[in-house]
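Everything on this sheet refers to the single structure shown next.
The values are calculated or read from the model by the stated rules, or taken from the named source; none is laboratory data. Keep in mind the model is a prediction, meaning the values are calculated, not measured. Don't worry about glycine lacking a Cβ; one is built from the backbone with ideal geometry, like all the others, and counts go over all protein chains shown. Just so you know, the surface numbers come from the protein's heavy atoms only, side chains and all, with ligands and any DNA or RNA stripped out. Shrake-Rupley method; radii C 1.70, N 1.55, O 1.52, S 1.80 Å.
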Amino acid sequence: QVQLVESGGGLVQAGGSLRLSCAASGRTFDNYAMGWFRQAPGKERDFVAAINWNGLITYSDDSVKGRFTISRDNAKNAVSLQMNSLKPEDTAVYYCAAGARSSSYTDGYNYWGQGTQVTVSS
């Protein structure tokens, strides 16, 4: 079975850092786009960043781009999200995803992890 498992979430102070990792199993995702989304309580699941099979990266906005870095390691079938200068507004459950096309929309992905909680205190 195909499985994506996130790790690395936790509780940090504003200004702190976390590195999220997503390990995939069951198939290779070398030719897939991989992305990160986040969902705060009562809100929609929003795009954060994505990296396609050839390394092309897209971030949701300049604020994310300046603080977060997405990367992938195809040898490990994994994708990571380094998050620096975290803000309380970043608090959410973070999900990794894989899809046949790079997209900022959830329907662009057909494999999802279960999510990892990121909480940033002020």
Picking from Leu18, Leu4, Leu11, the residue that is more than 19 Å from Asn110 (Cβ to Cβ), modelled with pLDDT of 95 or more and touching a Gly at 6+ places or on another chain (Cβ under 8 Å) would be Leu18
Out of Val93, Val79, which single residue is among the aliphatic types (A, V, I, L, M), in contact with a Lys or Arg (Cβ under 6 Å, 6 or more places away or on another chain) and open to solvent by less than 60 Å² (accessible area, probe 1.4 Å)?
Val79
Any chance you could count how many residues in segment 17-51 are in a loop (DSSP other than H, G, I, E, B), closer than 25 Å to Lys76 by Cβ and open to solvent by less than 30 Å² (accessible area, probe 1.4 Å)?
1
Could you tell me whether Gly99 is farther than 26 Å from Gly15 by Cβ and either modelled with pLDDT of 95 or more or crowded, with 21+ Cβ neighbours inside 10 Å (or both)?
yes
Residue pairs, Cβ under 6 Å, 6 or more apart or interchain, first in segment 101-122 and over 21 Å from Gly55 (Cβ atoms), second outside any strand (DSSP E or B) and of a type in the set (S, T, N, Q). List them.
Thr119/Thr91; Val120/Thr91
Output the residues belonging to segment 48-91 that are at pLDDT 95 or above and on the phi > 0 side of the Ramachandran plot.
Ser85
Residue count, segment 22-48, condition under 14 Å from Tyr94 (Cβ atoms) and in contact (Cβ under 8 Å) with a residue 60 or more places away in the chain, comes to 8
Taking segment 60-100 and keeping only residues that are part of a helix (DSSP H, G or I), of a type in the set (A, V, I, L, M) and either farther than 24 Å from Gly16 by Cβ or in contact (Cβ under 8 Å) with a residue 24 or more places away in the chain (or both), one is left with Ala75
